[in-house]
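Below is one structure, written out as structure tokens; the observations come after it.
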Ligand SMILES: [Zn+2]
């Protein structure tokens, strides 16, 4: 699953390039944080930071083993990539919701701009088209380009979501 570019991109976002390099070097099955550090030639503190981020994202889990003689506790980590697709879909869904709300607002409103803010026609009219804050005049804003950009972004994420589903 990690071979997939989209999945890599997702991981890069949550754990960075270094984190991605580390987990790509981890073999299947249980492994201790010390082993991961050794395999990836990375500081243990850095490895632990990455593991906890993955843990918080429900991608890594661990169990502990206590040595009865020494009392030493070992953390055995395991990766569960089955959640990744779901998390990616959730992220796409949230992003789509946000973009659609913005698109609706842009499509249904008429916008005016002064030197300090961008407001709806109604607000500009209420101030007689002169801003209370900065004193400059409100001018009409053509938001066609912005609407096109938002639509393109929505398209892109919808395609991405389809790819996740079929991957
Ligand atoms: Zn202003």
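Computed from the coordinates by the stated procedures, all read-outs in this text should not be read as laboratory data. Quantities reported herein were computed from a predicted structural model and do not represent experimental measurements. All Cβ positions, glycine included, derive from the backbone under ideal geometry; neighbour counts span all protein chains shown.
Side notes on the structure shown:
- FRET E, pair residue 32, residue 162, Förster distance 41 Å, beta-carbon r, rounded to 0.05: 0.60
- Label-to-label distance, nm, for residues given as residue 78 and residue 144 (7 Å Cα→Cβ offset): 5.9
- Residues 33, 128, ranked from the fewest to the most other C-beta atoms within 10 Å, line up as 128, 33.
- Segment 1-53 and segment 115-167 have Cα centres lying 39 Å from one another.
- Using alpha carbons only: equivalent-ellipsoid semi-axes of the chain, gyration tensor based, whole Å: 50, 19, 13
- As a proxy for reagent exposure, ranking 74, 45 by other Cβ atoms within 10 Å from fewest up yields 45, 74.
- 0 to 90° range, to nearest 10: angle between helix 44-56 axis and the chain longest Cα axis: 60
- Two-decimal ratio, segment 24-92, of alpha-carbon radius of gyration to 2.2 N^0.38 Å: 1.23
- GNM flexibility winner over the chain from 120, 87, 96 (Cα, springs under 10 Å): 120
- GNM top mover of 115, 95, 49 - the chain, alpha-carbon springs below 10 Å: 115
- Helix 82-108 axis versus longest C-alpha principal axis of the chain: approximately 10°, rounded to the nearest ten.
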